[in-house]
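Have a look at the structure below, then the notes.
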Amino acid sequence: MFFSDPSKRNTFQRRISDGDLVIVYERHDTMKAVKVRSGSDFQNRFGVFKHSDWVGRPFGSKVTSHKGGFVHLLAPTPELWTLVLSHRTQILYVADISLVVTYLEIVPGCVVLESGTGSGSLTTSLARAVAPSGRVHTFDFHEQRAALAREDFEKNGLSSLITVSVRDIQGEGFPDEFSGAADSVFLDLPQPWLAMPSVARMLKQDGIVCSFSPCIEQVQRSCETLRSKFTDIRTFEILLRTYEIREEKVKGDREDAGSPVGSLPRKRRQTSTVEGTYLSMERTHSVMAKPCSETKGHTGYLTFARLACI
Ligand SMILES: C[S@@+](CC[C@H](N)C(=O)[O-])C[C@H]1O[C@@H](n2cnc3c(N)ncnc32)[C@H](O)[C@@H]1O
């Protein structure tokens, strides 16, 4: 169950119950969504963990296995869900999602239309952004994907915020019942320009559309179509760089090794090398900041446009 109601976000006031969804966190790149069931076990390389030991603990607790290994039990959030969900399609990740939610100006109470639903990664963040009184209507023409996404949203307690429908949005457009009702529309479709005339009809005056496309040729065609009815057309590519920060022993041959540092941070010194940036902290240790090697490159282009007032 996600905490989509902002008034219930303080997860430390809530304890884990039988039937809750928890994110079992080993490290930033190793975590799993698990439904708590008294009588069941969770196993990983650190040992066997009894679910019954988790019940009654606050979210965020560190729990130990029979061998003394540990994991943390985190409350599910859209950001964590994006990292653990079943990939039935390509998905949007947090860097793109954060720009989408911000530039679509989504706030509680908004009505958002989306297509395609895919694996529901973006939909989950959209739902939290519109909660508790808004609604996300998401459409996918693939019946099985739509059904699995609906199941996930139900399992995660989001069905009051999301409706999932099967529809070919490029062929038929969005349903007429949403004409003039959408604050924003998001498209992750192979030929988004085919859906733009319908998007223009769905948006409220001044509403915003965003289209995600992996190829620049798709972006060009979308922009051509957008120019007739939209203004403020902008395209972005988000490249996220993650850093690893750790303290290291200074090597003897480093020039600044041993340089006396009196009061920090006034006398911190910074040196850049091929491995990263060093900040000398004291005689024997430096803090090293190194870009992570697994940093993701191009995901796609995000094109935003605002419905022009005629
Ligand atoms: C890349 S996935 C979307 C992923 C999603 N944004 C996420 O973050 O999980 C694209 C989806 O669009 C759907 N799709 C493709 N063409 C469509 C169309 N004409 N109408 C509706 N859905 C369509 C596909 O079935 C697929 O599930």
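Some values worked out for this structure:
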| quantity | calculated |
| --- | --- |
| Boolean, Ser119 is farther than 21 Å from Ala305 by Cα, more than 8 Å from the ligand (Cβ to nearest atom) and in the same structural domain as Thr303 (by TED's automatic domain parsing) | no |
| Residues being assigned to a loop (DSSP other than H, G, I, E, B) and either more than 10 Å from the ligand (Cβ to nearest atom) or of a type in the set (Val, Ile, Thr) (or both) - total across segment 122-150 | 4 |
| Gln205 vs. criteria within 23 Å of Gln90 (Cα to Cα) and surrounded by fewer than 17 Cβ atoms within 10 Å (Cβ to Cβ) | no |
| Residues (within 8 Å of the ligand (Cβ to nearest atom) and more than 18 Å from Val185 (Cβ to Cβ)) located in segment 86-116 | Arg88, Thr89, Gln90, Ile91 |
| Residue satisfying condition, being surrounded by fewer than 16 Cβ atoms within 10 Å (Cβ to Cβ), aromatic (Phe, Trp, Tyr) and away from the ligand (no atom under 16 Å from the Cβ), within set Phe49, Phe59, Phe70 | Phe70 |
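Rundown of residues vs (1) surrounded by fewer than 24 Cβ atoms within 10 Å (Cβ to Cβ); (2) modelled with pLDDT under 95; (3) touching a Phe, Trp or Tyr at 6+ places or on another chain (Cβ under 8 Å), yes/no style:
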position: Gly109; (1), (2), (3): yes, no, no
position: Gly120; (1), (2), (3): no, no, yes
position: Arg135; (1), (2), (3): yes, no, no
position: Thr138; (1), (2), (3): no, no, no
position: Glu143; (1), (2), (3): yes, no, no
position: Ala149; (1), (2), (3): no, no, no
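The values are calculated or read from the model by the stated rules, or taken from the named source; none is laboratory data. Nothing here was measured: the structure is a model prediction, and the numbers come from that model. Because the Cβ atoms are built from the backbone with ideal geometry, glycine has one as well, and the counts that use them run over all protein chains shown.
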